[in-house]
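The values are calculated or read from the model by the stated rules, or taken from the named source; none is laboratory data. Given the structure is predicted, the values throughout are model-derived calculations rather than measurements. Neighbour counts run over all protein chains shown; Cβ positions are idealised from the backbone, glycine included. Heads up: the accessible areas ignore ligands, DNA and RNA and are worked out on the full protein's heavy atoms, side chains in. Shrake-Rupley method; radii C 1.70, N 1.55, O 1.52, S 1.80 Å.
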Amino acid sequence: QVQLVESGGGLVQAGGSLRLACAASGGTFSTINMAWFRQAPGKEREFVAVISRSGTGTVYSDSVRGRFTVSRDNAKNTVYLQMNSLKSEDTAVYYCAARYFVPRTEEKDYNYWGQGTQVTVSS
């Protein structure tokens, strides 16, 4: 059983930056693909980014590509989401998620989820 705990959310002005972190426990981190999803008020949860077990493969949604960077530190069992040039439309609860085997971009493919961290971007 994998447990995930996100941190780093908060309030930031448009154009600013935040770095989210997700600490994992209960599994062998280097065998787990890690993803970030987000859910804005009144909207469905959507894919943001995924990073492969080794960290060599990443995929981003069109809405964040070029502004967000996902990375991981397997020695610290932690995945990060560096968010730059934030926009008001990035306001959402951000969730990290984990799955074994191969990385995916769909919510239904993830077995393990964190509790979420709120990111609010003021314009």
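Roughly speaking, to the nearest percent, how much of the chain's 1.4 Å accessible area is carbon and sulfur?
About 46 percent, which is the carbon plus sulfur part of the accessible surface.
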Just to be sure I understand: with springs between alpha-carbon atoms less than 10 Å apart, which residue in ASP109, ASP73, ASP62 has the highest mean-square fluctuation in the Gaussian network model of the chain? ASP62
Any lysines with Cα under 20 Å of the LYS43 Cα? List them, leaving off those in the same chain fewer than 8 positions away. LYS87, LYS108
Where does the chain land on the Kirkwood hydrodynamic radius, alpha-carbon pairs, in angstrom? 14.1 Å
Å² per residue, accessible surface of the chain at 1.4 Å: 50 Å²
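Find, among the trypsin sites (Lys or Arg not before Pro) in the stretch 17-123, those assigned to loop by DSSP (not H, G, I, E, B) with at most 15 other beta-carbon atoms within 10 angstrom.
Sites meeting the loop and neighbour criteria: LYS43, ARG67, LYS76, LYS87.
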Could you work out the relative contact order of the chain, using alpha carbon pairs under 8 angstrom and six or more residues apart, expressed as a whole percent? 36 percent
Determine the distance separating the Cα centre of the stretch 82-122 from the Cα centre of the stretch 52-67; give it in Å without decimals. 12 Å
In the stretch 54-123, GluC sites (Glu not before Pro) in a DSSP loop with at most 10 other beta-carbon atoms within 10 Å: GLU106
